[in-house]
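Quick notes on the structure that follows.
The values are calculated or read from the model by the stated rules, or taken from the named source; none is laboratory data. No experiment lies behind these values; they were computed from the predicted model shown. A quick note on method: Cβ atoms are made from the backbone with ideal geometry, for glycine too, and the neighbour counts reach across all protein chains shown. Side chains included, ligands, DNA and RNA excluded: accessible areas come from the protein's heavy atoms. Shrake-Rupley method; radii C 1.70, N 1.55, O 1.52, S 1.80 Å.
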Amino acid sequence: MPRASLRENLVAAAVQEFHARGYAATGVKDITDAAGAPKGSFYNHFDSKEALAVVALERYGTTRRLDDLRDRSVAPLTRLREHFEFLRDENVRAEFHKGCLVGDLAVEVADHSDALRETTSRSLQAWTDALAVAVADAQEAGDVAKTLDAATLARFVLNAWEGALISARADRSARAFETFFTVVFGVLLR
């Protein structure tokens, strides 16, 4: 029976390596080296790099603090702002060298892997759903206009965030984040 700790080490290493290098540039050996595991042990836990990438994407999603967006003990707009501030701060600390693993893999491999396309699609939908809860709560509180339904607003905000990440990485600057916060919280979610 495979040891759970080795599997967990492989998943954690895959998240880090895919996030730092991308899918295509990361080999199984890179992952096993980062996990401190023999390369042959990889196949005791995963059928392929693609299968590991699916699990890595799911694991990455658990670190995005989506449950905080559903925490009704916090004002809805505060939940939304704090969510994106957390993500912004994470990117600033990484000196703009890492974006969003979901977005990165969606762009890099979605056309070549149905399993990864489906996983990134589910990940983006789960994120949209969590954002939509906070947007709907803000609409019910009268803080955000009901001109558009919460799911549409949430998807637009997520799309804007992913675009801001691309710009921030290209510019190696927080300017895109400033624009995101100004437009999303100063105009769109009012």
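Taking the Cα centre of the chain as reference, the dipole from Cβ charges on Lys and Arg (+1) and Asp and Glu (-1) amounts to some 220 debye. Local charge for residue 100 was computed over the other residues whose Cβ lies under 11 Å away, with Lys and Arg +1 and Asp and Glu -1, and equals 0.
Semi-axes of the equivalent ellipsoid of the chain are 33, 17, 14 Å, computed as sqrt(5λ) over the eigenvalues of the C-alpha gyration tensor in descending order.
Between the alpha-carbon centers of region 141-190 and region 29-67, tell me the distance in whole angstrom. One Cα centre to the other: 31 Å. Helical content of the chain, expressed as a calculated mean residue ellipticity at 222 nm, amounts to -22000 deg cm²/dmol (DSSP H runs of 4 or more residues, -39,500 (n - 2.57) each, divided by residue number, nearest 500).
Taking springs between alpha-carbon atoms closer than 10 angstrom, which of 34, 25, 138 fluctuates most in the Gaussian network model of the chain? Highest fluctuation among the options: 25. Taking all protein chains into account, the per residue accessible area for the chain stands at 51 Å² (1.4 Å probe).
Got the relative contact order for the chain handy, in percent, Cα pairs under 8 Å and 6 or more residues apart? Display every interim value, and only then the final one.
On the way: 188 pairs, mean separation 38.3, N = 190.
Computed value for the chain: 20 percent relative contact order.
The convex hull built on the alpha-carbon positions of region 37-122 has an orientation-averaged projected area of 7.6 nm².
Just name one of 5, 134, 56: the one whose Cα is farthest towards the positive end of the charge dipole of the chain (beta-carbon charges, Lys/Arg +1, Asp/Glu -1). Looking along the dipole axis, the top candidate is 5.
Within the chain, which DSSP H helices have Cα atoms that stretch 30 Å or more along the helix axis and a mean Kyte-Doolittle hydropathy of at least 0.0? Present the calculation step by step, with values, prior to reporting the outcome.
Details: long enough: 114-140 (38 Å, -0.21); 150-171 (31 Å, 0.60).
Within the chain the helices that satisfy the rule are 150-171.
State the percentage of accessible surface on region 53-138 attributable to carbon and sulfur atoms; use a 1.4 Å probe and exclude ligands, DNA and RNA. Spell out each step's value before the answer.
Details: 1970 of 4050 Å².
For region 53-138, the apolar C and S fraction of the accessible surface comes to 48 percent.
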